[in-house]
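Beneath this line is the structure, given in structure tokens, with notes to follow.
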């Protein structure tokens, strides 16, 4: 492990006004999205769509990195250039999703653990040799009747910590993602309590497994009321609770914090990020790692007219400009009142 190299990669990923595109949807997730817009989900159509995103002119002005699915990591453009080389040539760091998805935690109804530790060191060596600069592992924490349990939190933070240390052995920056799900009818207070507890256990475990925290990044949801709670999202309350949770429960020496949109409408994801950043200064860099908040209008436009690549890429740049402004705390939120300017997706 080279701590200096890890910290240099972190600094690149959380550069001011820049952030990450999460383009690491599994084939099953991709199929749901393609089905919704009437496009067959095949290896060729997935490659075609992701090429549109990865070759968008000037995207490097806003994207510091892209999280790729294994299939995409090895694919090439129509012109035969490997996608990760295209990213590198534009100073965008290629990253890789390495977890193997969720499975039920036996004996704990409604709770999940993430699989993928078996053989991870060998896979990480292969990704490192092929140029991966960072990786991502997602765990999910559900709030409900009697859950999350400490056993579930413990099982997931154990795998996150083990994964993170394995990454660092190969000088790959680990992004640890303990997503507290937006699903449910919980209150903001409950979400804040659970997220605080998860962070306490996560970072205690990461220290125990000797993870170099300045060379790691946290990917987190925001403190939100459950989508079925009937409570509307109050942007100032989200910012206040999220910032308090992070400042009090995330080590200040950590390399950086990136947010997922986690089921919010794009407008809410942009405004909440904007207000969180405005409540700085923060001890670490804060930015975005969004998927559908950036991609939804692009996917819909591409599906409608797949020959109009420029039109779809212009929509992508528009979304990137919005989220970049939010990542600097400089978003003109009045722009989002114009329904023609930004996509309103109910399901990110």
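The values are calculated or read from the model by the stated rules, or taken from the named source; none is laboratory data. Quantities reported herein were computed from a predicted structural model and do not represent experimental measurements. For neighbour counting, all protein chains shown are included, and Cβ atoms are generated from backbone atoms with ideal geometry for every residue, glycine included.
Report those strands (runs of 3 or more DSSP E) wholly inside region 215-331 carrying at least 3 residues which are touching a helix residue (DSSP H, G or I) at 6+ places or on another chain (Cβ under 7 Å).
Working: elements: 217-220, 256-259, 285-290.
Where strands (runs of 3 or more DSSP E) fall fully within region 215-331 and carry at least 3 residues being touching a helix residue (DSSP H, G or I) at 6+ places or on another chain (Cβ under 7 Å), they are 256-259, 285-290.
Scan (1) touching a strand residue (DSSP E or B) at 6+ places or on another chain (Cβ under 7 Å); (2) on the phi < 0 side of the Ramachandran plot for the single condition residue 262 breaks and write down its number.
Evaluating residue 262 over (1) touching a strand residue (DSSP E or B) at 6+ places or on another chain (Cβ under 7 Å); (2) on the phi < 0 side of the Ramachandran plot leaves (2) as the failure.
Give the residues of region 95-129 that are surrounded by fewer than 16 Cβ atoms within 10 Å (Cβ to Cβ), touching a helix residue (DSSP H, G or I) at 6+ places or on another chain (Cβ under 7 Å) and within 22 Å of residue 20 (Cβ to Cβ), sorted by residue number.
Residues satisfying the conditions do not exist here.
From 194, 176, grab the single residue that is modelled with pLDDT of 95 or more, assigned to a helix (DSSP H, G or I) and in contact with a helix residue (DSSP H, G or I) (Cβ under 9 Å, 6 or more places away or on another chain).
The conditions single out 194.
Within region 114-137, can you find the residues that are farther than 21 Å from residue 2 by Cα and touching a strand residue (DSSP E or B) at 6+ places or on another chain (Cβ under 6 Å)?
Within region 114-137, 114, 115 meet the criteria.
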